[in-house]
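Q: This is the structure I have questions about; it appears just below.
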Amino acid sequence: MIEQSPRPKSSPQRATHISLTRGLRILEMIAGADGPVALSDTARALDLPRSTTHHIMQTLTQLGYLHQDDVSRTYALGEKALRLTGRTLSTNRIAELALPLLKEICSDSGESAAIGALLDDQVTLIATHDADGPVRVVQDVGAHRPVHATALGKVLAAWLPAGELSRLLATMKFEEFTPKTIVQRPSFETELVRVHGAGVAFDNEEYLSGVRCVAAPVFGPDKNVIAALGLTGPRHRLPQRKMREFAPLVQRYAAELSERLSNIG
């Protein structure tokens, strides 16, 4: 009778090597993707069991190398991976980090919140979260807003380097959206000095009648302002007294987002 040798058991070292290899392959795939990646797509692309992929991705998330969106459940590179790769912050990544904070400030205030960035001399909304309830201000990601008539725009302009600000002001059309819109460059420049000194900007129905906003700067890893966080609501819920009361809340959440972004740099 021929005796067969027993199959050698996998050593702990081999199991660790396999897990490490799979983890690195997952990181490489997500790093090369155009946007956030779903668990099922990752498992299919790498020909791995779904359960194994889930376990590895959750471990990488807990360690900070991946980030999982609370709503879509998709994955993107986390803060530790971004620090290692030296990647610059994209608007998509800023939005990913901002969304949990936007939800929190909406819950705390009962009003809608948004993150805006200055793109092509316009304020572009890159992340939003709408308040609950029948009366609310709805904001769409990708929507454009004028710099001179919004709290987000005032913040983004107030922290621009002098040369960039001069260029922006020279090309800006001070269109009148409501009777309260600032339509003169000298008045707007005075407003920017006030905003920079106070660390917060207000939109007192300057873009839309009946709508008010409070905004504060968001700083990137290089300490330059790369976005603005704003809280928006209807006039009857945001009298000027309430806007002033909300200002420290908006500044606190903007500072928290700045801190999260600084951990990437």
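Here, each number is a calculation from the coordinates, and none is a lab measurement. Please read these numbers as outputs of a predicted model, since none were measured by experiment. Cβ placement follows ideal geometry from the backbone for every residue including glycine, while neighbour counts extend to all protein chains displayed.
Q: Less than 25 Å apart at the alpha-carbon level, and either on another chain or at least 8 residues along: which lysines does that give for LYS80?
A: The qualifying lysines are LYS103, LYS223.
Q: Subtract the Cα-Cα distance of GLU28 and ASP47 from 0.36 nm times their separation in residues, and report this length gain in nm to one decimal.
A: Values: separation 19, 0.36 × 19 = 6.84 nm, distance 1.45 nm.
So the chain would gain 5.4 nm between GLU28 and ASP47.
Q: Cα axis of helix 12-32 to longest principal axis of the chain: angle in degrees, 0 to 90, nearest 10?
A: Result, in degrees: 30.
Q: Show which aspartates and glutamates lie in cross-link reach of LYS180 when reach means a straight Cα distance below 12 angstrom and same-chain residues fewer than eight apart are skipped.
A: ASP203, GLU205, GLU206
Q: Something else now. Taking a temperature of 4 °C and a viscosity of 1.567 mPa s, what whole-number D in µm²/s does Stokes-Einstein yield for the range 12-85 with Rh from Kirkwood over alpha carbon pairs? The partial results should precede the final answer.
A: Values: Rh = 12.3 Å.
Taking Rh from Cα pairs, D becomes 105 µm²/s.
Q: Round to the nearest 10 and give me the degree value, 0 to 90, for the angle of helix 162-171's Cα axis relative to the longest principal axis of the chain.
A: That works out to roughly 60 degrees.
Q: Here's something else I'd like to know. Consider the candidate values (i) 18.0; (ii) 23.6; (iii) 20.6; state which one is Kirkwood radius over Cα pairs in Å computed from the structure displayed.
A: (iii)
Q: Within 10 Å of each residue's Cβ, count the other Cβ atoms and sort HIS17, HIS67 from fewest upward.
A: Details: HIS17 12, HIS67 21.
Ranked by crowding around the Cβ, least crowded first: HIS17, HIS67.
Q: Between exposed GluC sites (Glu not before Pro) in the chain, where DSSP calls loop and at most 13 other Cβ atoms lie within 10 Å, what's the longest gap? Working shown, then result.
A: Details: sites that count: GLU3, GLU175, GLU176.
Formally, the longest exposed-site-free interval is 4-174.
Q: Against the longest principal axis of the chain, how steep is helix 185-198, in degrees 0 to 90 to the nearest 10, with axes from Cα atoms?
A: 50
Q: In whole Hz and in residue order, list the ³J(HN,Hα) couplings for the range 58-65 that follow from phi through the Karplus curve 6.51 cos²θ - 1.76 cosθ + 1.60, θ = phi - 60°; x for Gly and Pro.
A: Those phi angles translate into 5, 5, 5, 5, 4, 7, x, 8 Hz.
Q: Could I ask something else about it? Starting from the Cα coordinates of the range 169-265, work out the convex hull volume and express it per residue in Å³. Provide the component values of the computation, followed by the final result.
A: Numbers: hull volume 10.4 nm³, N = 97.
Considering the Cα atoms of the range 169-265, their hull volume per residue is 107 Å³.
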